[in-house]
Amino acid sequence: MENSEPLKLENQICFPLYAIAKEITGLYRPFLDELDITYPQYLVMMVLWEQDGLPVTHIGERLLLDSGTLTPLLKRLETKGFISRNRKKEDERVVQVFLTEKGKMLKENACSVPDKIMKKIDVLPEDLLELKNSINKILSKIEK
């Protein structure tokens, strides 16, 4: 009989990462519902609030999303009036994404979301920073 220890759920790193991601994303839902956006749409908007006018490929790189996942997100954000997508005049293969006025105004309402999440989680900020740094370290090794 083989050693089944490696297959026990409690011995997996993937399960607690999956579970915490699912739970934390769920904490965002009521706050993002008020803004009429989903969590993935929120991520796209955060990228654009940092730098407007990015090509779709750059947004995908930042969020680790392929175009098949990103394009429907962008279409929904555009339908809601938060962004516009325009082909670059110099190279029509490149689609750039721009915030609309409504998208820029959404940022003001979204500013309170991180604080609301921190209150819900009730963990020391330094503990979250340590966790974030550890996860980023692992992510950087996976992305190579």
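The values are calculated or read from the model by the stated rules, or taken from the named source; none is laboratory data. None of these values were measured; they are calculated from a predicted model. Methodologically, a virtual Cβ is constructed for each residue, glycine included, from the backbone with ideal geometry; neighbour enumeration extends over all protein chains shown.
Of everything in region 72-116, what is β-branched (V, I, T) and at pLDDT below 95? Give them in sequence order. Can you show your working first?
Step one: list which residues in region 72-116 are β-branched (V, I, T), which gives 79, 83, 94-95, 97, 100, 113.
Correct list: V94, V95.
Name the residue that is nearest to the chain's Cα centre (by Cα), counting only residues in region 57-95 that are in a helix (DSSP H, G or I) and of a type in the set (A, V, I, L, M, F, W, C). Applying the filter and picking the extreme gives L63.
Being under 23 Å from K132 (Cβ atoms), surrounded by fewer than 18 Cβ atoms within 10 Å (Cβ to Cβ) and in contact (Cβ under 8 Å) with a residue 60 or more places away in the chain: is that true of L27 here?
Working: under 23 Å from K132 (Cβ atoms): yes; surrounded by fewer than 18 Cβ atoms within 10 Å (Cβ to Cβ): yes; in contact (Cβ under 8 Å) with a residue 60 or more places away in the chain: yes.
When the stated conditions are applied, L27 passes them.
On the stretch given as region 1-24, residues that are surrounded by 10 or more Cβ atoms within 10 Å (Cβ to Cβ), among the hydrophobic types (A, V, I, L, M, F, W, C) and more than 15 Å from the chain's Cα centre (by Cα) total 3.
I37 meets the conditions (1) part of a helix (DSSP H, G or I); (2) surrounded by 17 or more Cβ atoms within 10 Å (Cβ to Cβ) in every case but one. The failed one is (1).
Candidates are the residues of region 72-108 that are of a type in the set (S, T, Y) and under 20 Å from L32 (Cα atoms); the one that is surrounded by the fewest Cβ atoms within 10 Å (Cβ to Cβ) is T79.
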